[in-house]
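Participant: To start, I am sharing the structure in question, which I have written as structure tokens.
The values are calculated or read from the model by the stated rules, or taken from the named source; none is laboratory data. Since this is a predicted model, take the numbers as computed values, not measurements. So basically every Cβ, Gly included, is an ideal-geometry build from the backbone, and we count neighbours across all protein chains shown. Surface areas here come from the heavy atoms of the whole protein model, side chains and all, with no ligands, DNA or RNA. Shrake-Rupley method; radii C 1.70, N 1.55, O 1.52, S 1.80 Å.
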Amino acid sequence: MFTNVENGEYIPDKNIDEAIILPIKSGYAGMSISRMVELIVGHMALTGNELWIKSKSSAYALTKGIAEEFIPVPAGNWQPNLSANQIQLKSYDVWFGGGARYTVSPDDVLHFKQSTLYSPFIGIGNITKLRLLAEGEISGQEYVNAFLERGAAPSIVILDKSDRTPDDNKRYADQLREAYEGRNNTGKLMYLSGDADAKTLNISNKDMQFLESKNYNRQSILSMFGVSEFVAGILGSVNRATADKAVIMFFEHINKILEGIEDVINFQHVQKIDPKIKFSFEKYPTGDVDNIVKMVTNGIINPNRAAELVGEDFDLKDKGRNEFYLPLTLMPLGADRTAELDNPADTDKTTCGCGHEHKNIDRRLLNPRYVDLIADTFEKSATKPKKFQAQYIRASLRSRNTVEDKYIARLSDFFAAQEQRVLDGIQSFYGKSAVQKKDLSEEELLAIIFNIQNENNVLRETLRSLHTSALQRAIGDIAKITGAQLNLDLTKPSIQLAISRLGSQITGEINQTTLKNLQRVITDAINDNLNIDDITNNVKAEFDSFKGYRARMIARTESREAWDAGADEAYKDLGVEYCDVVGCTEFEPTSDCGAQHVPMAQVSSLHYHPNHIGCIAPSYQV
């Protein structure tokens, strides 16, 4: 499938340039692109390389100047031509049946390769990497054959006390050897007459190690191809846990191979034509069920995403499975409990987005997930000249919800990494032994475990892609609503300035709050005479709420801020002079929620309360 490089959105095949999609859809020799990938995987594993030529042989392809199909070149039927200094690829020599030989430009080739250890122009296959092991196996097999055929060490000794001449002894030994020696005589009954006795000898450890050697070689070969013994059908001492892990690891290995193939297709074909899109394969599910359940119950992913990760059916049209769930007891630190959001009767007098006071308003209007309800309620309540603003509310909420869902996992990962940095700092400062109250220094510990400048830089980089995505969506939404051709170039100085401003104004606030919470944990530890193990557990408990509820709230707030920043840019390009703040259903005396006829020059200085869900819309229809 194809997706947008910037925001990861799916792009239908019908919207893809024909020069990109035609050779991918055409396949070759009755094979689809999926079956052709099997050739890539097999040839790269064996020889380290797979070469496809972009064919332009038909009249249609020649007229259009585009490739119509990819033709795989048989292994051994091509070679790269390098420059005199061996540092540049000039062309490829390719030959097929009948002795025809062609010189092909690198621009007309897809070259898949693995393990470019010796040269960036040609890969190395697993067979080459296994050469030494194979040579050792051959030597070992020769020894095994000698052992079976002739006995690599004596296995029996004949003690003959008879008085014989040397010739008689030799003749007698030859008779015994002919009758009882070698593989063909295994299991025969030995009969000795006279004063003769036979004694068997134990086989040496060296002779018995060949079986272990063969097992080792088998494991080495399987591991070279990324296959476990269980996946290869060798059960051994496998149990359910190790079997599940083996399958997941195998799928992860296959996914990495597919990602490498995607990179070649994108770099050498797709993005040469359109750098804004990328091609990708559907990956094998590699989710661990226990971890995924924890992610669902902590509000990091929704049930539909969880089903996708474990390879089960999912339904994006099922609104219930698209919701994010959190434990009822999970509340922001220091917050008071409130009534259930979905109980419209359990409310006080409040105000809807049109600016009029109402009693017993539906509390769902406070939740940005109820997009159509919020937009429809505004449209019904607004005066006729303002009804058009409902479409801005609807577009804003939808885009912001999409960005929020996409980036909550990244913010959760940020807090998880930040937690580890804090814990590492604690352990680095105190070591592994328990530390009592007299050893603790609050200021010194906080300075070591939490470098706020470094944390701000990491968070700013984490939020940059969120801000960019929401800002770009805002410009796209407004272009669609107004029908105007707006400049979506993210390199514009004003847009870059807006993104930088968003990152600077929020990162310090977030990390200052984190630092304040950590300071409380350390202060409590000193007062309660806690040791390092207790402090570590308290820090982990603090970050558990960050990775769930707090990550979602930050993603929600930042997507709204960034959408408004993008709308600000778009309105200025359209010549809008005044805007209104619409769509919020809660108002506070100190906030600008519901503000009307705001000059565009003052938009960036508007102040909203933490639960603001509205957006800015033109005061007059554009």
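Participant: Every residue in segment 74-123 that is more than 32 Å from the chain's Cα centre (by Cα) and of a type in the set (V, I, T), please.
Facilitator: Selection gives I87, V94, T103, V104.
Participant: Looking for something touching a Lys or Arg at 6+ places or on another chain (Cβ under 7 Å), open to solvent by 40 Å² or more (accessible area, probe 1.4 Å) and at pLDDT below 80 - is there at least one such residue anywhere in segment 486-497?
Facilitator: No, segment 486-497 has no match at all.
Participant: Give all pairs with beta carbons closer than 6 Å in which a residue from segment 6-17 that is outside the structural domain of T402 (by the TED database) meets a residue that is modelled with pLDDT of 75 or more and hydroxyl-bearing (S, T, Y); count only pairs at least 6 apart in sequence or on separate chains.
Facilitator: N7/S469; Y10/T3
Participant: Pull out all pairs, ordered by first then second residue, where Cβ-Cβ is under 9 Å, the residues are six or more apart or on different chains, the first lies in segment 34-50 and is assigned by the TED database to the domain that holds V73 and of a type in the set (G, A, S), and the second is at pLDDT below 85 and part of a helix (DSSP H, G or I).
Facilitator: Every condition considered, the pairs that remain are A45/N126; A45/I127; A45/M224; G48/N126; G48/I127; G48/T128; G48/K129.
Participant: Hey, another quick one. Restricting attention to segment 5-25, which residues are crowded, with 16+ Cβ neighbours inside 10 Å and closer than 16 Å to S55 by Cα?
Facilitator: Result: A19, I20, I21, L22, P23, I24.
Participant: Can you find, within segment 366-381, the residue that is farthest from R556 (Cα to Cα) among those that are in contact (Cβ under 8 Å) with a residue 40 or more places away in the chain and open to solvent by less than 20 Å² (accessible area, probe 1.4 Å)?
Facilitator: Going through the qualifying residues, I end up with F378.
Participant: Please specify each residue of segment 161-181 satisfying the condition of being assigned to a loop (DSSP other than H, G, I, E, B) and touching a Lys or Arg at 6+ places or on another chain (Cβ under 7 Å). Talk me through it step by step, then tell me what you get.
Facilitator: Within segment 161-181, the first condition is being assigned to a loop (DSSP other than H, G, I, E, B), and the residues that meet it are 161-165, 181.
The answer is none; no residue qualifies.
Quick grid of which residues meet (1) among the acidic types (D, E); (2) in contact (Cβ under 8 Å) with a residue 24 or more places away in the chain; (3) touching a strand residue (DSSP E or B) at 6+ places or on another chain (Cβ under 6 Å):
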{"residue": "Q496", "(1), (2), (3)": "no, no, no"}
{"residue": "R520", "(1), (2), (3)": "no, no, no"}
{"residue": "D524", "(1), (2), (3)": "yes, no, no"}
{"residue": "I532", "(1), (2), (3)": "no, yes, no"}
{"residue": "R560", "(1), (2), (3)": "no, yes, no"}
{"residue": "W563", "(1), (2), (3)": "no, yes, no"}
{"residue": "E569", "(1), (2), (3)": "yes, yes, no"}
{"residue": "L574", "(1), (2), (3)": "no, yes, no"}
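Participant: Right, something else. Looking at V539, V521, V598, which one is modelled with pLDDT of 85 or more and open to solvent by less than 40 Å² (accessible area, probe 1.4 Å)? So that I can check it myself, show each step before the final result.
Facilitator: Details: V539 fails: modelled with pLDDT of 85 or more; V521 fails: modelled with pLDDT of 85 or more.
The match here is V598.
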